[in-house]
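The values are calculated or read from the model by the stated rules, or taken from the named source; none is laboratory data. This is a predicted model, so every value here is computed, not measured. Heads up, the Cβs are rebuilt from the backbone with ideal geometry, glycines too, and the neighbour counts pull from every protein chain shown. When the accessible area is computed, the model is the full protein with side chains, heavy atoms only, and any ligands, DNA or RNA have been set aside. Shrake-Rupley method; radii C 1.70, N 1.55, O 1.52, S 1.80 Å.
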Amino acid sequence: MVRYLEPEEMDSETIRIVHTHWDEIRRGRRYPAKRDVDPAAIKSVLPYVMISEVHRDPLRIRYRLVGTEVAHYAGEDFTGKWLDEIGWGDDARVIQGFYAHMLELGGPVFGTDYFTQLSDGQRKPYEFAIFPLSQDGETIDHCLAVEDYRRLDRHEAHRR
């Protein structure tokens, strides 16, 4: 079950790094643009990062960049794919809810969700954050997202 958190409740140093970068590249604007994201500034956490396009009416998410660790835990590299076409069923609806919540808030979303271990079916939490990006500084059209899997066994966790 998803639980949304305040930034100060997050344990993840990975998420803190991305949050700090996002805040710095805003330079006083409401939202930074996708072009402002500097991969060199977040190099240590790039395997856990995604960049996605946000389309509305209806809400659809298309993944433009998927880090290697995100792809590993998802069981596939879904770069270039639409969330609703990946085949994740209920998980896709939950993830779309993260984006809808971010749009509703008009700011970053922080939370925890769960992966299921393949070997024993045990569910273990991971932390995530979604940061809005905007070409014009006002309308959210992309997102910078990060997921921290440090509590998971790399060989046992799988989203579906």
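Structural remarks
- A 1.4 Å probe, protein heavy atoms only, puts the accessible area of His19 near 50 Å².
- Value of [θ]222 nm, deg cm²/dmol, for the chain, DSSP H segments ≥ 4, -39500 (n - 2.57) each, nearest 500: -7000 deg cm²/dmol
- Helix axis angle, 13-26 relative to the chain longest principal axis, alpha carbon, degrees: 20
- Relative contact order for the chain, counting Cα pairs under 8 Å that sit 6 or more residues apart, in percent: 29
- Relative contact order for the stretch 52-110, counting Cα pairs under 8 Å that sit 6 or more residues apart, in percent: 24
- Cβ charges +1 (Lys, Arg) and -1 (Asp, Glu), total dipole of the chain, debye: 260
- Helix 90-105 and the longest principal axis of the C-alpha atoms of the chain enclose an angle of approximately 30°.
- Rolling a 1.4 Å probe over the protein heavy atoms of the chain, with every protein chain left in place, gives an accessible area that is 48 percent carbon and sulfur.
- The stretch 50-77-the stretch 127-143 distance, computed between alpha-carbon centres (Å): 13
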